[in-house]
Amino acid sequence: MRFSIETATELNVEDEELQDLLRCVYVQGGFTSEARASSIFDPAAVRSRGLLLCARDDATSALAGMVIVVSPGSPAAGMQGSDESELHLLGVRSEYRGQGLGRALVLAAVEAAKSMDSSRMVLWTQPTMHAAHRLYEATGFTRAPHRDFRSEEREFMVFEKRI
């Protein structure tokens, strides 16, 4: 399969598509509760975080994946330093996994962060997201355990990459 990766605006991503993708990945995947998803996956809130990169299946036009790049100094940043970008909400629908789409989205996010004059990119993930950990390491991110944290009774592991 081939994918087009562009901004959500360029791909005309509708709010319903965005919510459906995030619920499929995070709620159905067992990583986020439905109650929490209602607030954190609100389309306006998701779009306001930063640069929303999305992937469409060229054959079907289905929204296959997404990632957000949060620029240095953004109010949406959770932990970044002054010259760091953050990677948020990487998600790929299950039917598109194993085809290199997650990797392509991460690499597109890194390129976008470089264009924002970032020197490093950081992200956090849940300990149970083993496939994501492998993907981040395969794309050059390393664990930064000194930056790990807890939020709302959940543990998060931090990865970072000099770019």
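All of the numbers you see were taken from the coordinates with simple rules; none came from a lab. In this text the structure is predicted, and so the values were computed from the model without any measurement. Glycine gets a Cβ as well: all are built from the backbone with ideal geometry, and neighbour counts include every protein chain shown.
On full extension of the chain, what length is gained from SER82 through ALA44, given 0.36 nm per residue of separation minus the C-alpha to C-alpha distance?
Answer, rounded to one decimal: 11.2 nm.
Which Cα, out of ALA35, SER82, CYS24, lies furthest along the positive dipole direction of the range 3-116 (beta carbon charges, K/R +1, D/E -1)?
Among ALA35, SER82, CYS24, the one farthest towards the positive end of the dipole of the range 3-116 is SER82.
Given the rule -39500 (n - 2.57) for each run of at least 4 DSSP H residues, summed and divided by the residues of the chain, what is its mean residue ellipticity at 222 nm, to the nearest 500 deg cm²/dmol?
-8000 deg cm²/dmol
What's the exposure ranking of GLU10, GLU17, going from fewest to most Cβ atoms within 10 Å?
GLU10, GLU17
Give me THR60, THR125 ranked fewest to most by other Cβ atoms within 10 Å of their Cβ, as a rough exposure proxy.
Ordered from fewest to most neighbouring Cβ atoms within 10 Å, THR60, THR125 come out as THR60, THR125.
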